[in-house]
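Colleague: First, the structure itself, so that you have it in front of you.
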Amino acid sequence: MIWEKRQMPAIFDRVLPLNLITNTTIFYVATRLYLLPLVSRIRPQQILVPILLLHSTRHLGMMFLTRGATYPGLPGEFAYPAAFGDLITAAIAFVSIPLVLRNSALAKPAVWLFNIVGTIDLITAITTATIYNAPVAMGPAYWIPAFWVPLLLVTHYVTFIVLWKHWNRAA
């Protein structure tokens, strides 16, 4: 039997939280198995630069403001803060890369700024998406919170670990 969208059970309207939780768990397990054992053995820059490069691509969040990437009706209360929060985070991450590579005195404050702004942005986006039921209008941009956000959350977690426990010790 082929179901049309209007016949689908209501549970299918709430798949995004399942994707967020499941993918975050998968990325966390992979991080625990493969990355966290290395954190105390290698320089913080070796972990932070790839994370900063990854987050430099968060300009992709601007897709929430693009016709064709979303369906009509995507709530502006979600779309604008999510898009511009991602863009700001991407810029901070990208600017932080040369500071980290040069071991500048500004590197650690820049990474702290990136990590705090980026984490708050993701938490705010998840919250407003839930409050305003944004997933139903995300359209093709749905892959961002379903796949990308869990990876970003876990890399923010790793960055906090490096900042709190390993940066000063490695210096």
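Colleague: Before we move on, is VAL117 in a helix (DSSP H, G or I), touching a residue at least 40 places away in the same chain (Cβ under 8 Å) and of a type in the set (Val, Ile, Thr)? So that I can check it myself, show each step before the final result.
Modeller: Details: in a helix (DSSP H, G or I): yes; touching a residue at least 40 places away in the same chain (Cβ under 8 Å): no; of a type in the set (Val, Ile, Thr): yes.
Considered against the rule, which asks whether it is in a helix (DSSP H, G or I), touching a residue at least 40 places away in the same chain (Cβ under 8 Å) and of a type in the set (Val, Ile, Thr), VAL117 comes out as no.
Colleague: Would you point out the residue of region 89-109, among those that are surrounded by fewer than 17 Cβ atoms within 10 Å (Cβ to Cβ) and of a type outside the set (S, T, N, Q), that is farthest from ASN168 (Cα to Cα)? Give the steps one after another, and end with the answer.
Modeller: Initial filter on region 89-109 (surrounded by fewer than 17 Cβ atoms within 10 Å (Cβ to Cβ)): 91, 95, 98, 101-106, 109.
Narrowing the set further to residues that are of a type outside the set (S, T, N, Q) leaves 91, 95, 98, 101-102, 105-106, 109.
Working: ALA91: 25, VAL95: 21, PRO98: 19, LEU101: 16, ARG102: 16, ALA105: 12, LEU106: 14, PRO109: 13 Å.
Out of the qualifying residues, it is ALA91.
Colleague: Could you check ALA141 against (1) surrounded by fewer than 19 Cβ atoms within 10 Å (Cβ to Cβ); (2) within 12 Å of GLY61 (Cα to Cα) and say which number it fails?
Modeller: Going through the list (1) surrounded by fewer than 19 Cβ atoms within 10 Å (Cβ to Cβ); (2) within 12 Å of GLY61 (Cα to Cα), ALA141 breaks only (1).
Colleague: Return the total of residues in region 15-45 being closer than 21 Å to THR127 by Cα and touching a Phe, Trp or Tyr at 6+ places or on another chain (Cβ under 8 Å).
Modeller: 4
Colleague: Another question, then. Considering every residue within region 134-152, establish whether at least one is over 19 Å from PHE84 (Cα atoms), part of a helix (DSSP H, G or I) and free of Cβ contacts under 8 Å to residues at least 60 places away in the same chain.
Modeller: no
Colleague: Report yes if some residue within region 64-85 is under 23 Å from VAL39 (Cβ atoms), free of Cβ contacts under 8 Å to residues at least 40 places away in the same chain and not charged (D, E, K, R); otherwise report no.
Modeller: So far as region 64-85 goes, no, none of its residues is under 23 Å from VAL39 (Cβ atoms), free of Cβ contacts under 8 Å to residues at least 40 places away in the same chain and not charged (D, E, K, R).
Colleague: Give me the pairs, please: first residue somewhere in region 155-166 and farther than 12 Å from VAL49 by Cβ, second residue anywhere and at pLDDT below 95 and hydrophobic (A, V, I, L, M, F, W, C), beta-carbon distance under 8 Å, and either six or more positions apart or on two chains.
Modeller: Between residues of region 155-166 that are farther than 12 Å from VAL49 by Cβ and residues that are at pLDDT below 95 and hydrophobic (A, V, I, L, M, F, W, C), the close pairs are VAL158/LEU35; VAL158/LEU36; VAL158/VAL39; ILE161/LEU36; ILE161/VAL39; LYS165/VAL39; HIS166/VAL39.
The values are calculated or read from the model by the stated rules, or taken from the named source; none is laboratory data. These numbers come from a predicted model, not from an experiment. No Cβ is skipped: glycine too gets one built from the backbone with ideal geometry, and neighbour counts run over all protein chains shown.
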